[in-house]
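Written out below as structure tokens is the structure these notes cover.
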Amino acid sequence: MRTQRLDKRPIAIGREGFILPVIVFALVLLAVMGITAISMSQDEGLSARAMHQSALAFYAAEAGLNEIRATLDDSQLAGLAPGGTLELGTRQLAGGSSYSASIVRWDNEGWMPSQSIYGLMVEGFSPGGGGRRLLSVALTSSPGIRHKLGLCCEAALTIRGAVSLTGGSIVDGTDEVPSGWEETCPDPGADKPGIIMADTTQIEIGSATLDGDPPLAQDSDLSDSSFDQFGAQLAWDSIKALANHVLVATPNEMKLDGSSGPAIGPRHIFDESVDAWVCDTTSPYNWGSNDPNDPCFNYFPIILIQGEVEVHNGYGQGVVIVDWNDANPPGAKGGEFELETDFTFNGLILGKGCVEIQKGADFHGAVFVDAEYRNEDLCGGDLDYDMNDNEPAIRWSQCAVDRSIVGSGLDEYSESEGEGTGPLGSRAFFEMVR
């Protein structure tokens with residue numbers, strides 16, 4: 001019987017062509033990896049270039065921000081209305097970078113109304129314009145600006161001569177913003193002495209209120225010459241020559257009350273060129289307005305008083321110069337200015353003569369007078385605050401002093417203290433809050 005031999009050799013099933021797909025897959029994988037490597041290399045280059053361009057743009061914006069802050073003239077912002085924009089143009093820098101800048105006044109929403117708020121926006125560009133960066137800083141007009149005219153003004157009342165305070169009268173060196181000016185003035189500043197006198201033995205206080213920091217101070221150096229110079233460039237005769245109006249009372253007093261004489265108050269004329277009512281600055285009886293919506297709100301005239309002038313029942317602002325000297329017209333009764341019967345005045349009273357505040361009159365600002373001009377007896381030897389009725393008052397107000405000096409144009413001759421426009425805070429994220 002024949003036995004059949006079984007073949008034990010392995011049988012290959014479907015192995016033909018396996019190597020080729022493996023090689024193709026490997027080649028595809030290597031190609032993808034190569035392309036990815038090349039792409040990543042290109043991206044790295046582009047990223048590095050973009051970062052370099054962005055850095056150049058940032059430094060250009062930073063340079064512009066610093067340059068504008070260092071050279072910014074506050075007068076450039078004086079006419080910028082709320083919501084308005086001041087374009088500062090484009091400037092090329094060394095290396096081909098550049099920046100453009102603008103300033104927008106931002107306080108049109110009424111935020112912090114006592115100060116103007118500005119946004120300084122500077123956009124930097126790399127050479128060729130490939131990179132752009134925007135930097136900004138919030139600016140505000142500083143409430144620290146203070147003006148002085150020589151020795152004026154460091155007190156509610158500075159006087160060479162005698163002072164008579166009677167009844168319920170008030171002299172106060174505590175800084176106060178005049179009523180109606182709250183939206184215009186910064187917060188009250190530093191307090192001053194109530195009265196600075198050459199000789200404090202010449203004061204009569206009675207039942208009056210005298211306050212300040214300190215209430216009463218003596219300056220023995222006050223003399224005739226102290227009232228001859230109002231800053232390095234402005235002498236007594238020079239400041240008188242700057243007067244917008246001259247009121248001469250001869251031979252008797254001039255009474256401005258609306259009945260015996262014209263009333264002091266704002267006056268307007270219609271200007272066809274702008275189709276609106278504007279402040280009439282030609283009238284000697286227009287001493288500005290206390291209404292922020294009135295065209296005369298920013299009008300602060302310089303009024304020269306020769307003779308005796310009384311004002312009643314009204315409002316005035318500006319600079320009053322009381323003139324007592326040989327140049328007065330024949331028959332003029334020296335130089336005397338009287339605020340009476342509920343009259344309100346905000347500003348400065350300067351000069352050589354007599355001042356009276358009584359019958360409910362209210363004064364904010366500073367009085368700076370020589371009531372012993374050339375060692376003569378003036379007004380009975382008194383700067384007479386004979387204030388018996390309705391608590392008449394003289395109160396120190398830095399804002400009234402500053403507004404009257406700036407509004408009258410005397411800031412050209414004044415000394416200013418404090419900084420102008422400065423940063424409100426960090427520049428970060430200012431673009432996001434606009």
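The values are calculated or read from the model by the stated rules, or taken from the named source; none is laboratory data. Remember, predicted model here, so these are calculated numbers, not experimental data. Accessible surface areas use protein heavy atoms only, side chains included; no ligands, DNA or RNA. Shrake-Rupley method; radii C 1.70, N 1.55, O 1.52, S 1.80 Å.
Summary table
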read-out	value
Solvent-accessible surface ranking, highest first, for Leu27, Leu304 at 1.4 angstrom	Leu27, Leu304
Interchain or long-range residues, amide H under 5 Å from Leu165's placed H	Glu204, Ile205
Cα gyration tensor category, rounded, prolate or oblate, for region 183-230 with a/c compared to 1.5	oblate
Trp324 accessible area, 1.4 Å probe, all protein chains in place, Å² to nearest 10	60
